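**Q** Right, I'll just put the structure down here and ask away after.
The values are calculated or read from the model by the stated rules, or taken from the named source; none is laboratory data. Not measured: the values here are computed from a predicted model. Glycine also receives a Cβ, built like all others from the backbone with ideal geometry; neighbour counts cover every protein chain displayed. Keep in mind that these areas ignore ligands, DNA and RNA; they rest on the heavy atoms of the full protein, side chains included. Shrake-Rupley method; radii C 1.70, N 1.55, O 1.52, S 1.80 Å.
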Amino acid sequence: MQICVIGAGYVGVVTGACLASTGNHITFIDIDQDKIDRLNNATAPIYEEGLQELLQENRKRISATDDYDAVADSDVVFICVGTPSRENGGIDLSYVKKAAEQVGKRLGERWQLVVVKSTVIPGTTMNIVKPLLEQASGKTAGSDFDVAMNPEFLREGIAIQDFMQPDRIVIGTTSQQARELLEKLYEPFDAPLYVTSPSTAEMVKYASNALLATKISYANEIGSLCKQHGIDTYQVMEAVGMDHRIASSFLRAGAGFGGSCFPKDVRALIATGGDAGQPMHLLRAVMQVNDMQPHRMLELLKKHVGDLKDKHIAVLGLAFKPGTDDIRESRSIPVIRTLLDQNAHVSAYDPMATDNMREVFPDICYTDSPEEALDDADGCLVMTDWPMFAELDFTGMAQPIVIDGRRVIPEEKRTDITYEGICW
Ligand code: UGA
């Protein structure tokens, strides 16, 4: 099939590269010339394991441009542009609207399918995207073209694997023709298809992310109580997760969830509930617990180090999770901010995310190795579970005080130092 992917961000590029690998022809449309050049040279514009290889293997079937004219020749158009947060937590639909207008202007003579992959609040595909396409094209949805909503469930770092071997593929459409086309497109991926309405598909995405975020905050709250009672919360959650109704993943207590999705999506659901006169009590609590975790790290640090003024504190881990350079909503951001507010000196280390964090905190010290960050430190906060941190020797610090936010330091490395886990 001929496929246009609007928006060459992380979702768009992964989607395009994976669909190219099953024999489809992909045209990426983006406004960023640098991304266009990279994609035309089969170079990944973002780091994602296996992506570069996929782009290279399928380079003959992949091109990129800033010109929407390619839409006219395509069978399917995927809208994969960003939906950032607004001040009130709701989402900003301006990129989606712009993309819909541009796509609408170029819809061709034959029937085509426009698929929304961006995470959008329920109702957006049918009430906003479809009318914009109709207005811009002068055509009628349901006969000249159709729309569908097809959410992504890709984790950064293993997005290619998540695309190739999904737990399920959700297709939201009211059109039989759209359903058949998407069934064919996804046939090579051995996964159950769940076909439903567009607004249900939109809600599935939010409800999935919000439940995963809820599991994490739940694990963190139980973890805090376990710590008070001297109980190992990881053992508790291991046994809890053996119940197949609960499942074991996303129950790892720690410094909380970050990234470009969970905080944004939970806030968007809270805002959507507010607009509908339906207060989202549980999800508010999920965010409250998450916001508290970085402060708990600092309280534990102060318990051992005392007043932080002029203290030298090492922060290990800046990315929101290991395997990425992404620092969006990273838990290390509020931690560093508070350390600076309390006049501590911060030495930070991350194997991938230093350059990104430099843009947020230009004036702290970034080191080339974790050992350098620990040198002369009066305390250390472990914020990301990079496996390399498990190998470190903390005994050479000025004061070997380690607050672990990710349960990454193994038992044998905890002897001879003052060690505290955030929830253990
Ligand atoms: C998340 C979802 O897992 C994907 O399914 C979804 O498609 C994606 O958002 C999205 O909406 O695009 P991602 O943001 O890449 O993926 O990150 P996760 O691996 O889910 O981790 C999110 C955060 O939760 C990280 O900060 C991680 O450290 C934290 N976490 C995760 C915990 O604190 N405990 C856990 O047990 C699991």
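**Q** Restricting to segment 256-281, what's the tally of residues that are open to solvent by 10 Å² or more (accessible area, probe 1.4 Å) and either outside the structural domain of residue 216 (by TED's automatic domain parsing) or part of a helix (DSSP H, G or I) (or both)?
**A** Adding up the residues that qualify gives 10.
**Q** Scan 379, 405 and give me the residue that is surrounded by 19 or more Cβ atoms within 10 Å (Cβ to Cβ), assigned by TED's automatic domain parsing to the domain that holds residue 310, of a type in the set (Gly, Ala, Ser) and within 25 Å of residue 219 (Cα to Cα).
**A** 405
**Q** Let me ask you something else. From 156, 202, grab the single residue that is within 16 Å of the ligand (Cβ to nearest atom) and open to solvent by 10 Å² or more (accessible area, probe 1.4 Å).
**A** 156
**Q** Just to be sure before I move on: is residue 216 within 14 Å of the ligand (Cβ to nearest atom), of a type outside the set (Asp, Glu) and outside the structural domain of residue 334 (by TED's automatic domain parsing) in the structure I sent?
**A** No: the conditions fail for residue 216.
**Q** When segment 300-321 is examined, which residues are found to be open to solvent by 40 Å² or more (accessible area, probe 1.4 Å) and farther than 10 Å from residue 258 by Cβ?
**A** Of everything in segment 300-321, those that are open to solvent by 40 Å² or more (accessible area, probe 1.4 Å) and farther than 10 Å from residue 258 by Cβ turn out to be 302, 303, 304, 307, 309, 310, 311, 312.
**Q** While we're looking at this one, here's another question. Of the conditions (1) free of Cβ contacts under 8 Å to residues at least 60 places away in the same chain; (2) farther than 25 Å from residue 46 by Cα; (3) of a type outside the set (Phe, Trp, Tyr), residue 356 clears all except one; give me its number.
**A** With respect to (1) free of Cβ contacts under 8 Å to residues at least 60 places away in the same chain; (2) farther than 25 Å from residue 46 by Cα; (3) of a type outside the set (Phe, Trp, Tyr), residue 356 is out only on (2).
**Q** Moving on. Of all residues in segment 110-154, which are part of a loop (DSSP other than H, G, I, E, B) and under 16 Å from residue 80 (Cβ atoms)?
**A** 117, 118, 119, 120, 150, 151, 152, 153, 154
**Q** Residues 19, 54: which one is touching a residue at least 60 places away in the same chain (Cβ under 8 Å), under 24 Å from residue 161 (Cβ atoms), surrounded by 15 or more Cβ atoms within 10 Å (Cβ to Cβ) and touching a helix residue (DSSP H, G or I) at 6+ places or on another chain (Cβ under 6 Å)?
**A** Of 19, 54, the one residue that is touching a residue at least 60 places away in the same chain (Cβ under 8 Å), under 24 Å from residue 161 (Cβ atoms), surrounded by 15 or more Cβ atoms within 10 Å (Cβ to Cβ) and touching a helix residue (DSSP H, G or I) at 6+ places or on another chain (Cβ under 6 Å) is 54.
**Q** Still on this structure: If you check every pair at least six apart or on different chains, which have Cβ atoms under 8 Å apart with a residue in segment 129-145 that is without any contact (Cβ under 8 Å) to a residue 12 or more places away in the chain and under 17 Å from residue 6 (Cβ atoms) first and a residue that is open to solvent by less than 60 Å² (accessible area, probe 1.4 Å) and outside any helix (DSSP H, G or I) second?
**A** none
**Q** For segment 82-97, enumerate the residues that are in contact with a helix residue (DSSP H, G or I) (Cβ under 9 Å, 6 or more places away or on another chain) and more than 15 Å from residue 147 (Cα to Cα).
**A** Passing the criteria: 82, 83, 84, 85, 86, 88, 89, 90, 91, 93.
**Q** State all residues of segment 246-255 that are more than 6 Å from the ligand (Cβ to nearest atom) and either open to solvent by less than 20 Å² (accessible area, probe 1.4 Å) or not assigned by TED's automatic domain parsing to the domain that holds residue 423 (or both); if no residue qualifies, say none.
**A** The answer is 253, 255.
**Q** Here is a follow-up. Do the conditions hold for residue 415, that is, is it more than 20 Å from residue 292 (Cα to Cα), at pLDDT below 95 and among the polar types (S, T, N, Q)?
**A** So residue 415 passes the test.
**Q** Step by step: first the residues of segment 44-82, then only those that are of a type in the set (Asp, Glu) and part of a helix (DSSP H, G or I), then the one that is farthest from residue 107 (Cα to Cα). Which residue is that?
**A** 53
**Q** Right, another one. Hey, does segment 129-148 have a residue that's open to solvent by 50 Å² or more (accessible area, probe 1.4 Å), within 29 Å of residue 328 (Cα to Cα) and touching a helix residue (DSSP H, G or I) at 6+ places or on another chain (Cβ under 7 Å)?
**A** Looking for residues that are open to solvent by 50 Å² or more (accessible area, probe 1.4 Å), within 29 Å of residue 328 (Cα to Cα) and touching a helix residue (DSSP H, G or I) at 6+ places or on another chain (Cβ under 7 Å), one finds none in segment 129-148, hence no.
**Q** Now for a different question. Would you mind stating whether residue 411 is in contact with a strand residue (DSSP E or B) (Cβ under 6 Å, 6 or more places away or on another chain) and either open to solvent by less than 50 Å² (accessible area, probe 1.4 Å) or not hydrophobic (A, V, I, L, M, F, W, C) (or both)?
**A** no
**Q** Identify all residues within segment 165-190 that are outside any helix (DSSP H, G or I) and loosely packed, with under 15 Cβ neighbours inside 10 Å; write none if there are none.
**A** 165, 167, 168, 187, 188, 190, listed by residue number.
**Q** Out of 296, 331, which single residue is within 14 Å of the ligand (Cβ to nearest atom), open to solvent by less than 40 Å² (accessible area, probe 1.4 Å), basic (Lys, Arg) and under 23 Å from residue 379 (Cα atoms)?
**A** Unique residue meeting the criteria: 331.
**Q** Taking interchain pairs and intrachain pairs at least six residues apart, which have beta carbon atoms under 8 angstrom, with the first residue in segment 325-336 and of a type in the set (Asp, Glu) and the second open to solvent by 20 Å² or more (accessible area, probe 1.4 Å) and within 9 Å of the ligand (Cβ to nearest atom)?
**A** Taking only residues 6 or more apart or on different chains, the pairs are 326/156; 326/260; 326/320; 329/260; 329/262; 329/264; 329/320.
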